[in-house]
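Each remark here refers to the structure printed beneath this line.
The values are calculated or read from the model by the stated rules, or taken from the named source; none is laboratory data. No experiment lies behind these values; they were computed from the predicted model shown. Note that each Cβ is placed from the backbone with ideal geometry, even for glycine, and that neighbours are counted across all protein chains shown. Side chains included, ligands, DNA and RNA excluded: accessible areas come from the protein's heavy atoms. Shrake-Rupley method; radii C 1.70, N 1.55, O 1.52, S 1.80 Å.
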Amino acid sequence: MPAQEYLDQARQLQALSLTVHIPLVCFGIAFPSMVLFAESRYLRTGDPVYRVIARRWSKVMLTLFAVGVVTGTILSFEFGLLWPDFVASFGNVFGLGFALEGFSFFVEAIFIGIYVYGWDRLKPRTHFLTGIPIVIAGVSGSTFVIAVNAWMNHPGGFHIHDGRAADVHPWSALFGNSFLWHELVHMYLAAYIVTGFLVAGWYAFGFLKGRFGRYERAALAIPLAAAALVAPVQIVVGDWAARVVGDEQPVKLAAMEGLGHTTDGAPEHLLGWYQDGEVKWGIKVPKLLSLLAKHDPNATIQGLDSVAAQDRPPVNVERYAFQTMVGIGTLLAAIAAFYLVVRVRLRRLPQSRWFYRAVVAAGPLALVALVAGWIVTEVGRQPWIVYRVMRTSQAVTSADGIPVGYATLAAVYLALAIAVAWVLRRMSRIPLEEAAHHAL
């Protein structure tokens, strides 16, 4: 068994890379459709403002895709270097998912190049059609990776022989997995929430600085509408996901809620600290956990005491990540609801400066909720890398030198962040094209 320090260091290194890469995945899923929507508005109305929006956003899309290539490549190397026994034992199960993701990546790369550099070289409708494969590839590529994660949470499609997977049915394992669907929908809605609020937040900040012409209003409305439409739906999908987790991973649910003992009519605790089998200093709501998890206030909820101590995840990390995700998600849904009411009833954008301050804050908060959600998914599965099949401690490398890699990657990610911020800042300072000025 590798030393515990290697396990902790490897998990921290993997967590760092995932935290950097996952927001870029959100833009890969959601942003191309927003770009195409803007271009479609130009094709339908002939309004040059929408062409300017789509063209400027396409450059941002290309920049973030390039950064995603770097972080995704790092992740693929980490997968094999940090968890060699996992790859050796189960690579024949999940390898199909990564292979298909590779095809999606190449399709996306090819058509992003054609789309961005084809603005003045292709006919307008032909140019629009070249963007459709970008949307499809962004969705399909992430689907294949999420399928691998769903399999890790709910493994199947194989038998264990001499410590390794045998009699493998990869298609069934990855795409016949009941965990795939709620993870997929939850992530896709999160992608539109994160991307929508981050992009809208930029233009909301401009409004607070006095920049709110016709271009800014149109560029704000598209991502804000996308985020506002899906944020309330995410609450329903989150309920669905939590109930599936409660049925298939009851220990994870118990950790999310800090339920130390199996209980009939289990209560919900807001805030507080889990210690000695109970939540202390929290706000107790009787029977709420049973009601939410089983839709029955008297239902039995399995507690952490149902498994040995070494088979439990770190409870307080899981609890606070879950409550952070839910709390921020509820706040974002409230912002979305306010926007939709104003937009539908008054047929205009909100005028309150407080609303635009909230939208500016919503982008970073959505990122925090996204990372917290993945902490809930990954930390809650511990100590298993493949749920109830292989422990994370069995999969980790025994090589030393991980702190050197950690420091190196932290420096690389910092440099990437600075470079991206510089590039995007330069793009934002480029004057609007002459066509936009005529339309303003």
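Summary table
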quantity	calculated
Computed helical MRE - 222 nm, the chain, DSSP H runs ≥ 4 contributing -39500 (n - 2.57), nearest 500	-26000 deg cm²/dmol
When the convex hull of its Cα atoms is projected in every direction, mean area for the stretch 5-80 (nm²)	5.2 nm²
Low-density loop cleavage sites - chymotrypsin sites (Phe, Trp or Tyr not before Pro) in the stretch 68-106, where at most 15 other Cβ are within 10 Å (DSSP)	none
Residues Tyr117 and Arg357, FRET efficiency given R0 of 35 Å [Cβ-Cβ distance, rounded to 0.05]	0.40
Percent breakdown of C-alpha pair distances by 20 Å bin, ordered from the shortest bin, for the chain	23, 54, 22, 1
Helix axis angle, 48-82 relative to the chain longest principal axis, alpha carbon, degrees	30 degrees
Overall form of the stretch 111-207 per C-alpha gyration tensor (a/c, 1.5; a/b vs b/c)	oblate
Overall form of the stretch 330-440 per C-alpha gyration tensor (a/c, 1.5; a/b vs b/c)	oblate
Per residue, in Å², the accessible surface of the stretch 150-210 once ligands and nucleic acids are set aside, probe 1.4 Å	43 Å²
The stretch 95-180: trypsin sites (Lys or Arg not before Pro) in DSSP loop, at most 13 other beta carbons within 10 Å	Arg121
Average projection area in nm² (convex hull over Cα atoms of the stretch 181-285, one quarter of hull surface)	9.2 nm²
Taking the chain and dividing mean pair separation by its residue count, relative contact order in percent (alpha carbons under 8 Å, at least six apart)	21 percent
Accessible-area composition of the chain, carbon plus sulfur, in percent [1.4 Å probe]	65 percent
Nearest 10 degrees, 0 to 90: helix 4-45 Cα axis against the chain principal axis	30 degrees
Convex hull of the stretch 85-167 built on C-alpha atoms - directionally averaged projected area, nm²	6.4 nm²
Long-range amide H partners of Ile385 with built H, under 5 Å	Met390, Arg391, Thr392
Check: the chain dipole with +1 on Lys, Arg Cβ and -1 on Asp, Glu Cβ, in debye	2480 debye
Degrees, to the nearest 10: 214-248 long Cα axis against longest axis of the chain	10 degrees
Per-residue HN-Hα couplings for the stretch 152-163 [Karplus 6.51, -1.76, 1.60; θ = phi - 60°; Hz; x = Gly/Pro]	4, 7, 9, x, x, x, 6, 10, 8, 9, 6, x
Estimated FRET transfer efficiency when R0 is 35 angstrom, pair Met427-Thr300 (beta carbons, to 0.05)	0.05
Computed FRET value (nearest 0.05) for Val404 with Thr126, which takes r as the C-beta separation and R₀ as 56 Å	0.65
Set of lysines near Lys59 by C-alpha distance (under 28 Å), chain-local residues within fewer than 8 positions excluded	Lys123, Lys209
Residue-by-residue Karplus 3J(HN,Hα) for the stretch 289-302, coefficients 6.51, -1.76, 1.60, Hz, glycine and proline x	5, 4, 5, 6, 7, 10, 6, 8, x, 10, 5, 7, 10, 5
Cα shape, the stretch 1-143, gyration tensor, a/c 1.5 rule	prolate
Built amide H within the under 5 Å cut-off of Gly265, gap 5+	Ala299, Thr300, Ile301
The stretch 313-409: trypsin sites (Lys or Arg not before Pro) falling in loop per DSSP and having at most 14 other Cβ within 10 Å	Arg347, Arg348, Arg388
Residues with amide H under 5 Å from that of Tyr274, placed H, sequence gap 5 or more	Lys280
Surface per residue (accessible, 1.4 Å probe) for the stretch 282-338, Å²	49 Å²
